[in-house]
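S.K.: Sharing a structure with you now.
Readers should treat all values here as calculations from the given coordinates under stated rules, not as data from a laboratory. Since we're looking at a predicted model, the values are computed, not measured. Neighbour counts run over all protein chains shown; Cβ positions are idealised from the backbone, glycine included.
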């Protein structure tokens, strides 16, 4: 019905959202950024056996401007926390965060003066990966989960502006009520 | 402005263990005498408090006024020739019963004579401060102080800064006494005993209204970071650039402040501590057997070696005999780990130097994955293995392990030849490495470098051969050295070390005896699971071991092993309870990284990257 009958054969129609999400999900470039033990497994994920290139994520970018995904791979110390926050702020939207391993997720075995108990206290996290360190397969599974999340997003309401909208709505409603 | 990071004291974390009467106790004084202690006594007389052997190490107590003179004497005297200061650490004895005139803080130095194959531990009391510390660092307690040894041993620089940072001991005459690991505006010294472990309360509740949740997130600092200072000695006349802590070729979260004249390096000031995780403080709150799991996470590229170094130290203090089979298994694991660590060094080094050359990363990690498979076979983990335990190893080798290992040993030499064919004679590789990062033998010794860094400068020393442990005296292998002193020399040393490790592996596989894989001493090593079903005694042992742990008699001991990056030393001070009173780790990367300023001066900026790769650092171990 409609448009499909008008266009010549061999042309498909779809929504802009699914095309863009398809592109984003298949070329999520991670930030070249390692913290501790988990970074070694992150590198192992990038090498031949585990081959992160199957996900289109083999291009680890050293510059936060060119990266879409921050993999927080390891424990976050008090001294490192402001740096991570700044790097995250430098990444351009849309951006996603994977907290790799228990230290980045919740502090892990290091509940002491030096380590922040989970990176989600300074930046928003999309996927948490358990393990100490997680195996490369776990990280790939986290990428799978991230793709599911990416597929649900829409460009009409960008993730960040969505949050702002949400905030604005909450502010407005009590006034009107 | 001091930070608002009031540490929380958690009763369930800091509970004292059940102790027999007389515990805790301070370390006993050394007994007996050796040639060296006799010689020191002759020269210094009454300034030596006690001297002799303690836990098999030579220990000398010296009065603080004579510390510097004694250190200079140790180095210069032709009968002593202690060329290197391996390590500086300290202990806060405020929780120990002390006599009236005993000082609260003790500084402990480890000296090594490579020519005479001797090790000496120097202990000295720190004088209490008479007036507030000049560098008003927001600390209410007055800092104790002691003479700095930087004038005698250049390598004392960073270890002394570390002691100042974590323990709060002032070193008089230190040229650059700043914090090294903690942020510069950190309000207290974490290793002092009155400072709690910190961290956050673990909420045991599911009700959001519970006041337990109020402490969540209380530990986070204000977002703005401290304004960066110009490191001392640097001039704004030159260009100052910042490498890291997020930089692809600093091998982790290392920050280098580089002063440049054009593209030539004038000086470098490394900024450490971005991965400081408080291992040493955590150890004071864990039972001996429980700290093994933390050692994995220090040098995460050679977890087995960390396990072994820690276990050997505690086992020596316990006087524990390790079964023959366990020792050979340990050697197999540690040598495999050395190869894995060197492969990773090679992969990242080549990646750094050649920019986009990914092929060697892929090849080297291909072989490394085989080693990780073997680790997985024995303990289920790839990286953080915790396989070597106090008393032996966790489990016996599975049946298929030896066959797989033999295949690996067969294949590996050919692979090393492949890597060398790609690199050794390649003009690009030589141009980037040869003559870059030169360090002389004398400088290397004065800076306290160890491992391939020292062997690459012509010092023929390997702890496996010269102070053997775990039965290394029974293996035939060579210690490769190079007189070049540059990155290329160190490259050749490490490549040859991989070959020698394969030789050791081959001998270990051939001579692997049958028997116990862990000690039969039930006070230290848990009984096998099957025994618990039939033996009440085994059940009691298991219960005691898991709830209380085992006690280590009061005293202290330093033991170093040859890790893949250099001398990996563990210093344990026991007060007789089931937890270490003080644990210090001598990470080889920490001391080796100190050389980065020296070897990079006058070279190009791109050579700094080569030098970092050539030093082979792991930040988990540098920052601990």
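S.K.: Do you know the relative contact order of the stretch B:346-457, to the nearest whole percent, from alpha carbon pairs under 8 angstrom that are 6+ apart?
M.R.: Worked out over the stretch B:346-457, it gives 16 percent.
S.K.: Follow-up. At residue B:537 and residue B:511, where each label point lies 7 Å from the Cα along Cα→Cβ, what is the point-to-point distance in nanometres?
M.R.: Here the modelled spin labels are 3.4 nm apart.
S.K.: Output the 0 to 90 degree angle, nearest 10, between the alpha-carbon long axis of helix A:81-90 and the longest principal axis computed from the alpha carbons of chain A.
M.R.: With rounding to tens, the tilt is 20 degrees.
S.K.: In percent, how large is the relative contact order of chain B, given Cα pairs closer than 8 Å and 6 or more residues apart?
M.R.: Worked out over chain B, it gives 17 percent.
S.K.: Using alpha carbons only, how many angstrom separate the centre of the stretch B:157-200 from the centre of the stretch A:54-94?
M.R.: The distance from the Cα centre of the stretch B:157-200 to that of the stretch A:54-94 comes to 30 Å.
S.K.: Points 7 angstrom from Cα along the Cβ direction at residue B:238 and residue B:79: gap in nanometres?
M.R.: It works out to 4.5 nm between the two label points.
S.K.: Let me ask you something else. How large is the helix-only mean residue ellipticity at 222 nm for chain A, computed as the sum of -39500 (n - 2.57) over DSSP H runs with n ≥ 4, divided by its residue count, in deg cm²/dmol to the nearest 500?
M.R.: Counting only the DSSP helices, I get -12500 deg cm²/dmol.
S.K.: Which whole number gives the average, over all residues in A:43-51, of C-beta atoms from other chains lying within 10 Å of the residue C-beta?
M.R.: 5
S.K.: Pop the C-beta distance of residue B:428 and residue A:49 into the FRET formula with R0 = 25 Å and round what comes out to the nearest 0.05.
M.R.: My answer for the efficiency is 0.35.
S.K.: Can you tell me how the stretch B:279-623 classifies by the Cα gyration tensor, rounded, prolate or oblate, using a/c under 1.5 as the rounded cut?
M.R.: Here the stretch B:279-623 falls in the prolate category.
S.K.: Using alpha-carbon positions, what is the distance between the centroids of the stretch B:382-428 and the stretch B:466-510, in Å?
M.R.: The distance from the Cα centre of the stretch B:382-428 to that of the stretch B:466-510 comes to 14 Å.
S.K.: Using the Cα gyration tensor of chain A, with a ≥ b ≥ c the square roots of its eigenvalues, what is the shape: rounded (a/c below 1.5), prolate (a/b larger than b/c) or oblate (neither)?
M.R.: Verdict is oblate for chain A.
S.K.: What full-extension length gain, to one decimal in nm, is calculated for residue B:530 and residue B:604 as 0.36 nm per residue of separation minus the Cα-Cα distance?
M.R.: Answer, rounded to one decimal: 20.4 nm.
S.K.: Let me ask something else about it. Over the stretch A:3-176, what relative contact order in percent results from Cα pairs under 8 Å that are six or more residues apart?
M.R.: Relative contact order for the stretch A:3-176 comes out at 22 percent.
S.K.: Another question, then. Averaged over peptide B:378-386, how many Cβ atoms belonging to another chain are found within 10 Å of each residue's Cβ?
M.R.: 3
S.K.: Along its three principal axes, how long is the stretch B:379-507 when you only count alpha carbons? Whole Å, largest extent first please.
M.R.: Largest first, the stretch B:379-507 extends 48, 34, 28 Å along its Cα principal axes.
S.K.: Could you tell me whether the protein assembly as shown comes out rounded, prolate or oblate from its Cα gyration tensor? Rule is a ≥ b ≥ c as square roots of the eigenvalues, rounded for a/c under 1.5, then prolate if a/b exceeds b/c, otherwise oblate.
M.R.: Here the protein assembly as shown falls in the rounded category.
S.K.: For n ≥ 4 DSSP H runs only, could you compute -39500 (n - 2.57) per run for chain B, divide by its residues and tell me the 222 nm figure to the nearest 500?
M.R.: Estimated from H runs of four or more residues: -11000 deg cm²/dmol.
S.K.: Compute the Kirkwood hydrodynamic radius of the stretch B:22-172, taking the inverse of the mean of 1/r over all pairs of distinct Cα atoms, and give it in Å to one decimal.
M.R.: About 16.0 Å for the stretch B:22-172.
S.K.: What does the extension gain come out to for residue B:548 and residue B:414, with contour length at 0.36 nm per residue minus their alpha carbon separation?
M.R.: 43.3 nm
S.K.: Arranged by the count of other C-beta atoms within 10 angstrom, fewest first, what order do B:269, A:89, B:87 take?
M.R.: So the residues, fewest neighbours to most, are A:89, B:269, B:87.
S.K.: Among B:63-74, A:99-110, B:27-38, how do they line up from the highest to the lowest mean number of other beta-carbon atoms within 10 Å?
M.R.: A:99-110, B:63-74, B:27-38
S.K.: Take B:113, A:18 and order them by how many other Cβ atoms sit within 10 Å, fewest up front.
M.R.: A:18, B:113
S.K.: Another question, then. Full extension from residue B:172 to residue B:263: what is 0.36 nm times the residue separation minus their Cα-Cα distance, to one decimal in nm?
M.R.: 29.2 nm
S.K.: Given the peptides B:467-480, A:120-133, arrange them by the average over their residues of other C-beta atoms within 10 Å, most packed first.
M.R.: Sorting B:467-480, A:120-133 by mean packing, highest first, produces A:120-133, B:467-480.
S.K.: Taking every residue in B:274-285, how many Cβ atoms of other protein chains lie within 10 Å of its Cβ, on average?
M.R.: 5
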